[in-house]
Amino acid sequence: MTSIAIVGAGPQLGLAIARTFGSQGFNVALISRNREKLDGLVEQLAAEGITAGAFPADVLDRDALTQALKDAAAQFGGIDVLEYSPVGSFGSTALTLPTETEPSHVEHEMEFQLYGAIAATKAVLPAMREAGAGPLLYTTGAGSIDPVPAVANVNAAAAALRNWAINLHKELDGTGIQAVHVGIDVSIGMSVVPGFPTAKPEQISPVYWDLHTTKRDQAELVFSL
């Protein structure tokens, strides 16, 4: 059995990635905070013939995140692919301009983006090292590369995750394990910024499959229209 763990699994990109891999025979482990929403996604996927499991955990709780990934590996016989893309809500994320940013504004985002990614990676990497294979896919907005003043604190943490993921790719070179930063340079599903391009999740998710199958040497991929 082959399995993908999607950390931050939501009804848009996370679900699309689940469908992309699930349609290729992967079992899907869905990890996010809300058990009810996860159960709904599992039911949707089951109706499409895809085997999925719900493993609730908050990425801010690193022990719970680690346990969720261990539980997923136990249920599905291992985790072959990790995809990390937690999405904050407007209620939990205060967006700040560079001049208005306090250390606390960046601290929360670092916990959410970088530290959660590190914890998730440490939970799955030992088994991947044994197997000598396994993509590690880390998703941010393209502001991690070309920052936008209105979301300075989020971009700063995303840039830290990007830096770490590309550096991890360099360290793992030659091991059969690929770490990749995926930068999303569009709004997903619906327009958020007037004039900014929008893509459907189903347009984006195939790039993750490409990274797993045919683009195994890449450390970064930017999706844009």
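Close amide H contacts of E220 (hydrogens built in the peptide plane, cut-off under 5 Å, sequence separation of 5 or more or a different chain): H181. Where only DSSP H runs of four or more residues are counted, the chain gives -13000 deg cm²/dmol as its mean residue ellipticity at 222 nm, each run worth -39500 (n - 2.57). Where in the stretch 136-165 does the amide nitrogen come within less than 15 Å of the point 7 Å from the Cα of D185, taken along Cα to Cβ? From the stretch 136-165, the list is 140-148. For the chain, with all protein chains in place and a probe radius of 1.4 Å, 53% of the accessible heavy-atom surface sits on carbon or sulfur. Placing dummy labels 7 Å off each Cα toward the beta-carbon, the span from Q44 to Q75 is 1.7 nm. Couplings 3J(HN,Hα) of the stretch 162-173, computed from phi: 4, 4, 5, 5, 5, 5, 5, 4, 5, 5, 8, 3 Hz, in residue order, whole Hz [Karplus 6.51 cos²θ - 1.76 cosθ + 1.60, θ = phi - 60°; x for Gly and Pro].
On the beta carbon distance between A94 and N167, with R0 = 41 Å, the FRET formula returns roughly 0.90. For the pair L60 and T198, the difference between a 0.36 nm per residue extended length and the Cα-Cα distance amounts to 46.8 nm.
Accessible area per residue for the stretch 1-93 is 45 Å², calculated with a 1.4 Å probe on protein heavy atoms, without ligands, DNA or RNA. Per residue, the stretch 110-225 exposes 46 Å² of accessible surface when a 1.4 Å probe is rolled over the protein heavy atoms with every protein chain present.
The values are calculated or read from the model by the stated rules, or taken from the named source; none is laboratory data. Computed from a predicted model, the values in this text were never measured in an experiment. Neighbour counts are summed over all protein chains in view; Cβ atoms, including those assigned to glycine, are modelled from backbone coordinates with ideal geometry. With ligands, DNA and RNA removed, areas are computed over all heavy atoms of the protein, side chains included. Shrake-Rupley method; radii C 1.70, N 1.55, O 1.52, S 1.80 Å.
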